[in-house]
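Report on the structure given below.
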Amino acid sequence: MLKKLSTDTINTILIIGVILLVVEIVFFNGGLVFSVVFSGVLIYIGWKNYRPLWRKILFWIGLISLIFTVLSMIAVRFLVIALILMFLRDYFKSREKPEHIRPEIIDHHQEIPDQEPLLRQKFFGDDATPKTSYEWKDINIHGGFGDRIVDLSHTVLPHDEAVISIRQLIGNLTIYVPYEVEVSIHHSALIGRASIFQYKKSKVFNQVVSYQTEGYRKEKPRVKIITSMVSGELEVKRV
């Protein structure tokens, strides 16, 4: 069932789970932490040397206690309901005709706007490079929750090498690269997907994805892309 869920849906479920867990621990049941730690200690002691009978008993007591503790959490119950609702929403949404969004073509002879950071350090919220012509600056940011869009078709890259380094927790990252630009990509994710030009990796689970165009080392302009995230999707497209 998880393979049918989109990356956005998985990210939403993770955020809901974290928020519900924090609210439950802080406002309703602070003893959950002690119960989980106590069960974990019993499991560790029993598993460390599983042969003696008393250690086996400790292991199974700890495991059963941990299962009942987790199942008793309000956050887990709501998370199961949220998972079902998200799956149904994603299922009906997949039956609709997808809308293809193309990057807007902007006249590159427009005046360059005032100097501002291309992308900001945001813990919550989406961000994107300007939709009009802008002066290029290397990107090196950290983020929390949200989507990021970098469109290189609205700027002039340096003659040497441009660098895009983005690290975030949960969210999708989309990068538009002109056809004449060579690319080197190093992407790591705990959970997610990756789509680089015509190549697609539908499942990234605690992996590093690397890609480099043939003329990267000898042709210019070129851009090095370094990204990492806990959960999300990387999409690199030619424009």
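Which residue is modelled with the highest pLDDT, if the candidates are limited to the range 30-40 and must be open to solvent by less than 70 Å² (accessible area, probe 1.4 Å) and more than 30 Å from the chain's Cα centre (by Cα)? Among residues in the range 30-40 that are open to solvent by less than 70 Å² (accessible area, probe 1.4 Å) and more than 30 Å from the chain's Cα centre (by Cα), the one modelled with the highest pLDDT is Ser39. Among residues that are open to solvent by 60 Å² or more (accessible area, probe 1.4 Å) and outside any strand (DSSP E or B), Lys224 is not included. Only one of the numbered conditions (1) assigned to a loop (DSSP other than H, G, I, E, B); (2) buried (at least 19 other Cβ atoms within 10 Å of the Cβ) is violated by Lys137, and that is (2). Residues that are open to solvent by less than 100 Å² (accessible area, probe 1.4 Å) and either of a type in the set (Gly, Ala, Ser) or without any contact (Cβ under 8 Å) to a residue 24 or more places away in the chain (or both) within the range 115-125 comprise Pro117, Gly125, listed in sequence order.
The values are calculated or read from the model by the stated rules, or taken from the named source; none is laboratory data. This one's a predicted model, so the numbers in the text were calculated from it and none came from an experiment. Positions of Cβ are generated from backbone atoms using ideal geometry, with glycine treated the same way; all protein chains shown enter the neighbour counts. Calculation scope for accessible area: heavy atoms of the full protein, side chains included, ligands and nucleic acids excluded. Shrake-Rupley method; radii C 1.70, N 1.55, O 1.52, S 1.80 Å.
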